[in-house]
Amino acid sequence: MSVKDKFELKLGAATREAFGKALVELGKADQNVVVCDADLSKSTFTHLFAKEFPERFFSCGIAEANMVSIGAGLASSGKVAFVASFSAFVLNKGFEQLRVNVAYPQVPLKVVGTHSGISIGEDGPSQMSVEDLSLASSLAGFTVISPADEVATFALVKEAAYFDGPVFIRAGRIKVPLVYGPDQKFEIGKAITLLEGKDMTFISTGLMVAECIRAAAILEEEGISAGVIDIHTIKPIDREAIANAAGSTGCIVVAEEHFTDCGLGVKVAQVVCETNPCVMEFHGMGNYYAESGTPEEVLVKYKMTGADVAVTARKALARKK
Amino acid sequence: MTKTSDIGELQAIAKRVRRHIVTMIAAAKSGHPGGSLSAVETLVTLYFDVMRHDPANPTWAERDRFILSKGHAAPVLYGVFAEAGYTPADSLNTLRSIGSIYQGHPDKRFIPALEASTGSLGVGLSLGLGMAEAARLDKSPTRVYVLLGDGEIQEGQIWEAAMYGAFHKVDNIVAIVDYNKIQLDGFVKDIMELEPLADKWRASGWNVIEADGHDFAALQKAFADAAAFKGKPSVLIAHTIKGKGVSFMENNPKFHGVAPTKDELEKALQEIGA
């Protein structure tokens with residue numbers, strides 16, 4: 001079965017919308033679930049929860065630092081507490097609070113950053129979070145999740161809610177292709193191999209997973225067998241899946257909508273170095289900020305398409321030979 | 001631990017806590033005596049009279065919460081914890097030593113009965129609001145007390161929290177400003193003036209109470225007034241003296257963060273009395 005036949009990549013919902021729907025389901029099942037937002041509830045989709053459970057929704061105004069600490073107070077009093085904002089705001093403006101009120105005392109707060117990466121589009125670099133996976137991962141004891149589509153987001157938000165420890169979940173603004181069928185099971189910390197490859201393996205996260213599948217389809221027509229692994233949990237990372245891919249294909253390309261010098265790629269490289277050293281290339285954002293444009297225009301200009309990832313793959317394969 | 005409203009008994013406890021403070025900081029050869037000594041009566045009033053808590057059952061869900069947002073005043077909290085029976089008194093002098101439960105700033109990992117790990121200024125009031133909101137949702141009688149330094153409220157997050165507390169009418173929280181008028185670099189008025197302080201809190205929508213922070217009767221009345229006030233959060237501006245109880249530390253910016261020498265400790269203990 002060809003890659004194209006295996007993956008239809010039909011457009012699904014935005015991961016932020018799946019997050020909002022998961023919150024409502026969680027809220028219905030458990031009255032201990034509470035949500036804080038900082039004047040972006042219509043954008044983060046926490047407004048769905050706010051409408052159903054106004055008494056358990058805490059509007060914090062445009063004050064992310066305060067919101068994170070309030071969320072920590074709720075979580076340390078036994079609530080299943082979520083705080084949400086744009087990823088760029090909750091992590092950058094709330095970082096100190098995430099460090100001292102959440103990570104250091106290991107308070108099981110769930111932090112959701114939406115509108116991540118450059119695919120937010122028109123709003124431009126001040127709202128584009130291209131360092132969030134790095135910031136979140138640097139918080140000791142945090143689990144960091146970056147789902148690829150709405151199915152993964154819905155399932156992983158629900159799993160994260162009762163996860164014993166602080167969790168950051170990265171979500172996006174735009175509708176993204178469906179990578180998973182409705183029955184797919186997800187386990188925090190366990191990567192999912194979407195395609196087995198013989199010649200090389202794409203390791204990716206978030207909306208770039210679908211682009212890696214597209215790249216694999218392009219390469220397949222060139223007679224190259226490329227695997228695709230979805231690292232939906234950035235931290236703790238699935239070392240076994242990475243080591244196996246490095247060992248079996250000897251060539252890894254990491255693709256991410258994030259700075260490549262501090263994101264998924266360096267984490268994968270650490271595992272590869274420690275297990276089965278092999279050729280690696282890193283596809284993503286260099287250490288610069290993007291610009292406004294439609295999400296599609298921005299993604300094309302900053303080389304976040306399957307065709308771009310395939311170019312990087314050919315470069316890696318040339319080095320392998 | 002026996003609770004008491006008797007001012008003579010509270011004064012005796014305060015004296016022991018002051019002795020603990022200067023002794024442990026001298027032993028550690030570093031720490032913050034000034035802002036610990038200024039907050040003694042506030043903490044003693046809360047832990048031995050006002051707050052509903054039980055050292056034998058520190059996870060009691062309906063307990064009142066105390067957050068030492070000015071975490072550098074850890075010695076006063078440790079002295080009170082030892083007197084209340086939460087932690088051992090005989091190891092107070094291990095303050096700031098490797099492996100000690102008495103860390104440089106309060107650390108929940110070492111003392112689980114602490115409500116918060118603190119030390120970075122400006123975040124404690126928001127944390128307390130979250131705890132107060134959880135208590136309201138649970139219809140719990142829990143009240144939350146957050147001790148802020150005066151210099152600390154130069155942090156912007158305090159005023160984010162002030163807005164939140166007033167807007168959401170969080171009336172089961174009391175912020176206490178330990179207004180000793182000195183911060184690390186000198187007098188507050190010379191670093192970043194806070195006045196008109198009461199007006200700022202009032203304008204932010206808080207019920208403002210001012211009291212002499214070394215007068216037990218005044219503190220008892222202030223906390224009773226705060227508890228009786230509904231519809232707004234309360235802030236107690238506790239007028240205090242930095243280094244209170246040790247003449248050469250009083251109103252002396254030097255003793256914000258410097259330990260007494262051996263000779264100074266002896267003199268301090270003499271002044272505090274047995």
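No lab work stands behind these numbers, since they all come straight from the coordinates. Note that the structure is predicted; figures quoted are calculated from it, not measured. Heads up, the Cβs are rebuilt from the backbone with ideal geometry, glycines too, and the neighbour counts pull from every protein chain shown.
So here's what we get for this one:
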{"item": "Of residues in the stretch A:60-74 being surrounded by fewer than 24 Cβ atoms within 10 Å (Cβ to Cβ) and within 8 Å of chain B (Cβ to nearest Cβ), the one farthest from the chain's Cα centre (by Cα)", "result": "A:Gly61"}
{"item": "Hey, B:Phe66 assigned to a helix (DSSP H, G or I) and either closer than 13 Å to B:Leu147 by Cα or among the hydrophobic types (A, V, I, L, M, F, W, C) (or both) or not", "result": "no"}
{"item": "Residue check for A:Ser138: closer than 30 Å to B:Leu114 by Cβ, more than 14 Å from chain B (Cβ to nearest Cβ) and surrounded by fewer than 24 Cβ atoms within 10 Å (Cβ to Cβ)", "result": "yes"}
{"item": "Unmet criterion (only one of (1) more than 21 Å from A:Ser116 (Cα to Cα); (2) crowded, with 24+ Cβ neighbours inside 10 Å) for A:Asp230", "result": "(1)"}
{"item": "Filter result for the condition that a residue is under 15 Å from the mean Cα position of the chain (by Cα), outside any loop (DSSP other than H, G, I, E, B) and over 14 Å from B:Pro233 (Cβ atoms), over B:Asp190, B:Asp178, B:Asp199", "result": "B:Asp178"}
{"item": "Residue in the stretch A:36-47 that is within 14 Å of chain B (Cβ to nearest Cβ) and over 16 Å from B:Phe167 (Cβ atoms) present", "result": "no"}
{"item": "Matching residues in the stretch A:175-193 - criterion: being more than 14 Å from A:Thr15 (Cα to Cα), in a strand (DSSP E or B) and under 14 Å from the mean Cα position of the chain (by Cα)", "result": "A:Ile192"}
{"item": "Residue within the stretch B:42-65 that is over 24 Å from A:Gln97 (Cα atoms), charged (D, E, K, R) and surrounded by 24 or more Cβ atoms within 10 Å (Cβ to Cβ) present", "result": "no"}
{"item": "Filter pass, A:Gly227 being farther than 21 Å from A:Gly189 by Cα and not aliphatic (A, V, I, L, M)", "result": "no"}
{"item": "Within the stretch A:1-117, helices (runs of 4 or more DSSP H) holding 2 or more residues that are touching a Cys at 6+ places or on another chain (Cβ under 7 Å)", "result": "A:64-75"}
{"item": "Test: residue in the stretch B:138-161 that is within 10 Å of chain A (Cβ to nearest Cβ), surrounded by fewer than 18 Cβ atoms within 10 Å (Cβ to Cβ), in a loop (DSSP other than H, G, I, E, B) and of a type in the set (Gly, Ala, Ser)", "result": "yes"}
{"item": "Residues of the stretch A:91-118 classified as surrounded by 24 or more Cβ atoms within 10 Å (Cβ to Cβ), of a type in the set (Gly, Ala, Ser) and more than 19 Å from the chain's Cα centre (by Cα), total", "result": "0"}
